[in-house]
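Engineer: This is the structure I have questions about; it appears just below.
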Amino acid sequence: MSKTKERIRESNLRYRQSLGQNFLYDEDLLATLVADAGVGPEEDVLEIGPGAGSLTAPLCDAAHHVLSLELDERLIPLLEAFMAGRENFSLLQGDVMTANLAEITGNLRRPFAVVANIPYYITTPLITRLLTCGLPLSRLALMVQKEVAEKILSHPGEEGWGPLAVRCQYQCDPYLARIVPAACFTPPPKVDSAFLVMPLRQEPAVRVREEKDFFQIVTAAFALRRKTMTNGLCASLHLNREEALALMGRAGLDEKIRGERLTLEELARLSDAWTEMKEEKDK
């Protein structure tokens, strides 16, 4: 039995399904995940959801400093005892979805990495929050459901291609580090997982005049799946059909193409056309 698993058993701690608690105990796998994350001795790490600290310890072995943010207050004493004496470790109790991330990471070296075995039910909102809150990030290294990883890595026209994939590929260069079977976790989840590494791009994958307009277009592209992009523009941007057709024409796009088939480059062209159309109306 692993030392972490033994500590959990001795503490009589019950796993909370409501918090999506599925812990890893295989020490060889944990060391491999840290290597996959690319954490080095000059880099600081924000770890989200350390649980019982099984991944925290090898992260501290590899990184300059690790700041762990844990929601479950019951785990704080366990973590403090397990990580006692680690000078390159600090711990906060709180909810990553509501915490002031800029404030709590203020002392970390810039840029820093985020490493997390996160509850699956907050995967999409958490990734979105991390990529939109202005943190100086080098990369995200996240344990996610295999299905979510497939969505993030999908291509235009595929079932998984959607707002999350566009957001991640626009800001990051994501790749699959490894598949982690459900049997590796305690308690085992119902599905296999994937360790996904997402280095932040120095510049977005495509240039757009107004990023806000770009994501409005992205929303419109997937608002009416299986419908044309023209219909999506009418529904999301409140354009009449004539205006939507004119916008598609400006971007050099077929009026009958579906939004879910548009590439990042085509979405960017449509976004810039939308920006220009609005500017003309404001004159």
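Engineer: Quick one: in segment 177-229, which of the residues that are aliphatic (A, V, I, L, M) and part of a loop (DSSP other than H, G, I, E, B) is nearest to Leu24 (Cα to Cα)?
Structural biologist: Per the criteria, the residue is Val191.
Engineer: Suppose the filter is over 26 Å from Phe112 (Cβ atoms) and modelled with pLDDT of 95 or more; does Val208 pass it?
Structural biologist: yes
Engineer: Let me ask you something else. Output the residues belonging to segment 178-199 that are of a type in the set (Gly, Ala, Ser) and surrounded by 14 or more Cβ atoms within 10 Å (Cβ to Cβ).
Structural biologist: Selection gives Ala182, Ser193, Ala194.
Engineer: Moving on to the next point. Taking segment 249-283 as the search range and keeping residues that are outside any helix (DSSP H, G or I) and of a type in the set (A, V, I, L, M, F, W, C), which one is nearest to the chain's Cα centre (by Cα)?
Structural biologist: Among them, the one singled out is Leu262.
Engineer: A further question on this structure: Tell me, yes or no, whether segment 228-248 has at least one residue that is of a type in the set (Lys, Arg) and either closer than 17 Å to Leu142 by Cβ or under 23 Å from the mean Cα position of the chain (by Cα) (or both).
Structural biologist: No - not one qualifying residue is present in segment 228-248.
Engineer: Here's another thing I want to ask about it. Looking only at segment 267-283, filter to residues that are out of contact with any Lys or Arg (no Cβ under 6 Å at 6 or more places or on another chain), touching a residue at least 24 places away in the same chain (Cβ under 8 Å) and of a type outside the set (Gly, Ala, Ser); which one of those is nearest to Trp161 (Cα to Cα)?
Structural biologist: Per the criteria, the residue is Leu267.
Engineer: So, in segment 45-66, how many residues would count as being within 16 Å of Leu24 (Cβ to Cβ), assigned to a loop (DSSP other than H, G, I, E, B) and of a type outside the set (Ser, Thr, Tyr)?
Structural biologist: Final tally of qualifying residues: 6.
Engineer: Taking Thr263, is it touching a Pro at 6+ places or on another chain (Cβ under 8 Å) and in contact (Cβ under 8 Å) with a residue 60 or more places away in the chain?
Structural biologist: Yes, satisfied.
Engineer: Just give me the residues in segment 199-237 being in contact with a Pro (Cβ under 9 Å, 6 or more places away or on another chain), aliphatic (A, V, I, L, M) and free of Cβ contacts under 8 Å to residues at least 60 places away in the same chain, in sequence order.
Structural biologist: Val218, Ala221
The values are calculated or read from the model by the stated rules, or taken from the named source; none is laboratory data. Being a predicted model, the structure only gives us computed values, none of them experimental. Cβ atoms come from the backbone with ideal geometry, glycine included; neighbour counts cover every protein chain shown.
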